[in-house]
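The values are calculated or read from the model by the stated rules, or taken from the named source; none is laboratory data. Just so we're clear, the structure is a prediction, and the values are computed from it rather than from any experiment. Reconstructed Cβ throughout: ideal geometry from the backbone, glycine too, with neighbour counts over all protein chains shown. Remember, those area values only see protein heavy atoms, side chains included, never the ligands or the DNA or RNA. Shrake-Rupley method; radii C 1.70, N 1.55, O 1.52, S 1.80 Å.
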Amino acid sequence: MQGKVVVITGGTSGIGQVAAERLAAMGARIVLVARSQSRGEAALTRLREASPKLAPKEKHRVHYGDVSRLADLDRLATEIRTAEPRIDVLINNAGAVFGERVVTEDGLELTFATNHMSYFVLTHGLREALAAAGAARVVNTSSHAHYRAKIDFDDLQMQKNYSLFRAYGCSKLCNILFTRALVRRLEGTGITANSLHPGFVNTRLGDQGTGFIAMLFRLMKNIAITPEKGAETIVYLASSPDVAKTSGLYFYKCKPVDPSKLAQDDAAAERLWRETAKLAGIKE
Ligand SMILES: NC(=O)c1ccc[n+]([C@@H]2O[C@H](COP(=O)([O-])OP(=O)(O)OC[C@H]3O[C@@H](n4cnc5c(N)ncnc54)[C@H](OP(=O)(O)O)[C@@H]3O)[C@@H](O)[C@H]2O)c1
């Protein structure tokens, strides 16, 4: 990873934090996307400690923004591509769950906005910098939570029957469908895109919940794996020569596995792409 530039969202906590530190220790220069200045600065300090040999002019960087907001995503993409004309790896990893339905200033349901729109808009905004690297990789953190998920194109913002698990599962299904449609558009560019399940990991995911949801997450975390273990597949997809040319697959424990039937539906992938582009105000 020496000399490689890795952009990562959700690198201030959990599996993203560990993945960023591992890739930094392997020689990569890390570009974090963070929403909180104090968490961003703390993550930068940890990255510097993980890579003491990095030359001062090659330092890790952080760009601030809330990835659930379209205006922030547009600004972040502009700032990052100006600072980084060549990006070797983009890791779309920021994610969250919400016990109650919340609508963003863009009129989007917050889980959909954070977990899906951010992957789409950031990848779109950074595509030229990825192409400039020659053989770049896009790594999208999804989840096995997608297996039981459905997607209702007439109610993408979940106005009917919102639940944390339905919204989260659907957003993680979107991550795989997005990867599928992206791969078609990347043909001939040298850029690969894959998605993954990290395992069930003891991170801060779900910590903000209250009541039954909070209790459930706390109980489930007793049987969860560590963030160090959970980060392994991200690091593998971002760095291993074994997958330099692999594209369009869904990985778990560093091996390709079949996602759900719905996640392999090209018509759904294309429809999601069109609907997402429209919501993001992106013309193709
Ligand atoms: N934990 C699991 O069992 C599990 C299983 C399957 C998939 N995943 C996926 O793994 C990914 C990482 O989650 P994690 O488990 O490592 O959870 P985590 O510890 O809560 O980390 C989530 C990361 O996303 C960032 N983030 C969330 N909302 C954001 C926003 N609006 N703007 C900017 N950054 C935002 C957080 O920033 P802050 O540091 O500021 O909070 C944090 O860095 C997610 O995509 C999740 O769906 C997790």
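What number comes out for accessible area per residue over the stretch 41-130 if the probe is 1.4 Å? Units Å², please. Show your work: numbers first, answer last.
On the way: 3880 Å² over 90 residues.
Per residue, the stretch 41-130 has an accessible area of 43 Å².
Rounded, prolate or oblate: which fits the chain when a ≥ b ≥ c are the square roots of the eigenvalues of the alpha-carbon gyration tensor, with rounded for a/c under 1.5 and prolate only if a/b beats b/c?
Here the chain falls in the rounded category.
Mind checking which lysines have their Cα closer than 16 Å to the Cα of residue 4? Skip sequence neighbours fewer than 8 apart in that chain.
Straight-line reach from residue 4, under 16 Å: 53, 57, 59.
Any idea how far apart residue 277 and residue 163 come out in nm if each label point goes 7 Å out from Cα toward Cβ?
According to this spin-label approximation, the distance is 3.4 nm.
If one computes the Cα centroid of the stretch 229-251 and of the stretch 59-128, what distance in Å separates the two points?
Measuring centre to centre over Cα atoms gives 21 Å.
Setting aside same-chain residues fewer than 8 positions from residue 253, which lysines have a Cα under 21 Å from its Cα?
Cα-Cα hits under 21 Å: 172, 221, 229, 245, 261.
Would you mind telling me which residue in 86, 75, 180 has the biggest mean-square fluctuation in a Gaussian network model of the chain, where springs connect alpha carbons within a distance under 10 angstrom?
Per the Cα network of the chain with a 10 Å cutoff, 75 tops the list.
For the stretch 187-284, report the accessible area per residue in Å² (1.4 Å probe, heavy atoms, rounded to an integer).
57
Rounded to the nearest percent, how much of the accessible area of the chain (1.4 Å probe, protein heavy atoms only) is carbon and sulfur?
52
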